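The values are calculated or read from the model by the stated rules, or taken from the named source; none is laboratory data. Computed from a prediction, not measured in an experiment: that's the story for all the values here. So basically every Cβ, Gly included, is an ideal-geometry build from the backbone, and we count neighbours across all protein chains shown. Areas reflect the complete protein model, heavy atoms only, side chains present, ligands, DNA and RNA absent. Shrake-Rupley method; radii C 1.70, N 1.55, O 1.52, S 1.80 Å.
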Amino acid sequence: VNEFELINNYFKSNASLASSSASDVLLGIGDDAAIVRLGERRLVVATDTLNSAVHFPVEAKPEQIATRVVAVNLSDFAAMGAIPHWATLSLSMPNTDEQWLAAFSHTLLKSLLAYDVQLIGGDTTQGPLSISLTVMGESKKDNLLVRSGACVGDDIWLSAYTGLGKAGLDKVLSGNGLPKNKLKKLTEQEASFLVDQFYQPVPRLQLGQRLLGIANAAIDISDGLLAEAEHLATQSQCVLTLNQPSIPVHPILSTLYNQDQQWQAILCGGDDYELLFTASVDQRKALNDLSKEMCIPLARIGQVDKADNQQGDKVILLDQLGRSIEINEKSYQKGYLHFNA
Ligand code: ADP
Ligand code: MG
């Protein structure tokens, strides 16, 4: 079983067994964060783990791990339009390296503070390096930003660029050398921009909150654009049709990659932490205005279509002539899957 089959088979389908007051749960397993009702308020909870050698290379600096774990968690809050308040940290490490701990804790607390999030607890154990952060906060408005809200006819929107997370990882893995695929020499500025894309992605918290009441559905892009589009399509029971020529290409990608590699990074790379969302056609002006106001590019990259039971494809990618581009293991691998043997 892969990651998502595992979650579905063993946790999602049994989740009701563990609860007698399921009516408190406004949103359970399956979205970017869970939402529960606490009196008049709505508590939002998300958790994410970073394992050494899986989510970051063993050479990663403690400061880099700290900024990444905060960003990855807060990105799930962004995708819900939620406001983070508190966090707990579960830290597993092979030995007590005090220099490492000083650097890690300092950066972690500083990063949390920058988002007004307070560390309120955690757990510390000996074992392979693994950092797990649980973030809690609230959802202020009645309209939730969930994966299941997309409506047929909606536009599909993407914030900024995808592919930079993968490009950043390629740069990180190449160390002081040049990324394996590189076509041109990177300037120092470009190189450090790429490393920051991987270790310090910017969670789109403010954008997510502003999308409440405008967008119908949203998801953040941790596993790759096509993979997340498929999650959104599945939860909304519709098809997401993406127009490849409308998907923005960051100029640095063409200095790094050839055409094929570039699209592989943009469509499947992951680690981007941008928002993919849908909104009705009459929100176009509001979104273009919001894009200008927030100085975040927002691109309209496709539309939501009715689910076609015969074909079964949840995501369709069209080229400039409107022909469908094949998405499969050989052309575009959809995204990162843990336990994908
Ligand atoms: P994200 O990439 O947004 O962090 P994931 O793809 O990791 O989300 O997880 C998909 C959904 O499954 C989320 O709602 C998550 O909370 C839930 N989930 C993942 N692992 C487990 C688990 N072991 N038990 C219960 N729920 C889980
Ligand atoms: Mg997410």
- Task: Along Cα→Cβ, 7 Å out, is where each label goes; now give me the distance between the ones at Ser130 and Val281 in nm to one decimal.
- Result: 4.9 nm
- Message: Given the DSSP H assignment, sum -39500 (n - 2.57) over each helix run of at least 4 residues in the chain and divide by its residue total; what's the result at 222 nm in deg cm²/dmol, nearest 500?
- Response: -9500 deg cm²/dmol
- Task: Would you pull out the residues with amide H under 5 Å of Leu119's amide H, same chain only if 5 or more places away, H placed 1.01 Å from N?
- Result: Ala87
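Per-residue counts of other Cβ atoms within 10 Å, averaged by peptide: what ranking do you get for 297-307, 233-243, highest first? Walk me through the intermediate numbers first.
Values: 297-307: 17.9, 233-243: 20.8.
By packing density, highest mean first, the sequence is 233-243, 297-307.
How much length is gained if the chain between Leu318 and Val195 is pulled fully straight, taking 0.36 nm per residue apart and subtracting their Cα-Cα distance, in nm to one decimal? Working shown, then result.
Values: separation 123, 0.36 × 123 = 44.28 nm, distance 3.13 nm.
41.1 nm is the gain from fully extending Leu318 to Val195.
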- Message: Just the number please: accessible area per residue for the chain, 1.4 Å probe, all protein chains included, in Å².
- Response: 50 Å²
- Task: Kindly provide the Kirkwood hydrodynamic radius of the chain in Å, to one decimal, from all pairs of distinct alpha carbon atoms.
- Result: 20.8 Å
- Task: Could you please state how large a percent of the accessible area of segment 1-123 is carbon and sulfur, counting protein chains only and using a 1.4 Å probe?
- Result: 55 percent
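Using only the heavy atoms of the protein chains and a 1.4 Å probe, how would Val172, Val1 rank by accessible area, largest first?
The ranking, largest first, comes out as Val1, Val172.
With +1 on each Lys and Arg Cβ and -1 on each Asp and Glu Cβ, how big is the dipole of segment 1-131 about its Cα centre, in debye rounded to the nearest 20?
240 debye
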- Item | Amide hydrogen neighbours beyond the local backbone of Glu138, cut-off 5 Å, H modeled | Val44, Ile83, His85
- Convert each backbone phi in segment 289-302 into a coupling constant with the Karplus relation 6.51 cos²θ - 1.76 cosθ + 1.60 (shift: θ = phi - 60°), then list the ³J(HN,Hα) values in order as whole Hz, x for Gly and Pro. 5, 4, 4, 5, 4, 8, 6, 10, x, 10, 10, 8, 10, x
- Task: Return the sequence-ordered ³J(HN,Hα) values of segment 155-160 in whole Hz as given by the Karplus equation 6.51 cos²θ - 1.76 cosθ + 1.60 applied to θ = phi - 60°, using x for Gly and Pro.
- Result: 6, 10, 10, 9, 7, 6
- Work the Kirkwood hydrodynamic radius out for segment 36-94: mean of 1/r over every pair of different alpha-carbon atoms, inverted, in Å. 13.2 Å
- Query: Between Ile120 and Thr88, what is the spin-label point distance in nm, taking each point 7 Å from the Cα along the Cα→C-beta axis?
  - Reply: 1.0 nm
- Item | Accessible carbon and sulfur surface of segment 252-304 relative to its total accessible area, %, 1.4 Å | 47 percent
- Going residue by residue through segment 83-91, the Karplus relation 6.51 cos²θ - 1.76 cosθ + 1.60 with θ = phi - 60° gives ³J(HN,Hα) values, rounded to whole Hz and with x marking Gly or Pro, of 10, x, 10, 9, 9, 10, 10, 10, 10
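Note the per residue figure in Å³ for the convex hull of the C-alpha positions in segment 187-333. Working shown, then result.
Values: hull volume 18.8 nm³, N = 147.
Spelled out: Cα convex hull of segment 187-333, divided by residues, is 128 Å³.
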- Message: Taking the full set of protein chains and a 1.4 angstrom probe, give the accessible area of Met136 in square angstrom, rounded to the nearest 10.
- Response: 40 Å²
- Nitroxide proxy distance, nm - points 7 Å out along Cα→Cβ at Glu40 and Glu188: 5.6 nm
